[in-house]
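One structure below.
The values are calculated or read from the model by the stated rules, or taken from the named source; none is laboratory data. If you're wondering where the values come from, they're calculated on a predicted model, not measured in any experiment. Don't worry about glycine lacking a Cβ; one is built from the backbone with ideal geometry, like all the others, and counts go over all protein chains shown. Calculation scope for accessible area: heavy atoms of the full protein, side chains included, ligands and nucleic acids excluded. Shrake-Rupley method; radii C 1.70, N 1.55, O 1.52, S 1.80 Å.
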Amino acid sequence: RLSNLIIAGNTSDGDGGGIYLQQSDAQIRNISLSSNQAVNGGAVMCSSGAPLLSGIRARWNMATSNGGCLYLSRVSSPLIASIAACENSADSLGGAIFLSECAPDLQNLTLIDNDAPAGGGSAIAVSYGAQPNLINSIIFGNTYDQIVFDPNWISMSLTVDHSDIEGLTLTVPTLPST
């Protein structure tokens, strides 16, 4: 369990600039993450396990690939709640959050002024097999598309409930006909 911490100014040549979780059911609460950098998951990388992330404040984190603030992959039923992510960036997908092979409940998120290239999902990028549930959240002022589905993969979905998404801009890939 990690709680009541400030994690700032870290750099990783791999994943998880501030926090890296592998096969972990960690509970992370009330953490401030700023100015961290990594290839994937500028602030936090979660791969496998069932983590709980709550009360996270993330600002100025950067991924040179995916997930400026948070990268979730192959995690089972993670709960991601009360996250405020602003001014994070990714050079590829998911300026704030990148999701792959997971079905997280994303509750009470505020994703503002995050950045990714056009078509990269400045707030959230949904990739291979991800099926997130976005609940009671605000997504506003992010550059380009707020939420995208990775055009390189299939088997993705997104459920939105009681959320405010600026412009409702979703980029859905066109699949080749068979």
Looking only at the range 52-61, count every residue that is crowded, with 24+ Cβ neighbours inside 10 Å and not in a strand (DSSP E or B) and tell me the total.
1
Restricted to the range 62-82, and to residues that are surrounded by fewer than 24 Cβ atoms within 10 Å (Cβ to Cβ), among the hydrophobic types (A, V, I, L, M, F, W, C) and more than 13 Å from C102 (Cα to Cα), which residue is modelled with the lowest pLDDT?
A81
Within the range 128-154, how many residues turn out to be open to solvent by less than 40 Å² (accessible area, probe 1.4 Å) and assigned to a loop (DSSP other than H, G, I, E, B)?
9
Tell me which residues, restricted to the range 26-46, are open to solvent by 10 Å² or more (accessible area, probe 1.4 Å) and more than 18 Å from S82 (Cα to Cα).
S35, Q37, V39, N40
Looking at V160 and the list (1) open to solvent by 40 Å² or more (accessible area, probe 1.4 Å); (2) in a loop (DSSP other than H, G, I, E, B); (3) without any contact (Cβ under 8 Å) to a residue 40 or more places away in the chain, which single condition is not satisfied?
(2)
For the range 1-18, give me each residue that is hydroxyl-bearing (S, T, Y) and surrounded by 14 or more Cβ atoms within 10 Å (Cβ to Cβ).
S12
Output the residues belonging to the range 97-115 that are part of a loop (DSSP other than H, G, I, E, B) and modelled with pLDDT under 95.
E101, C102, A103, P104
Scanning the range 83-96 for residues that are in contact (Cβ under 8 Å) with a residue 40 or more places away in the chain and part of a loop (DSSP other than H, G, I, E, B), which turns out most open to solvent (accessible area, probe 1.4 Å)?
L93
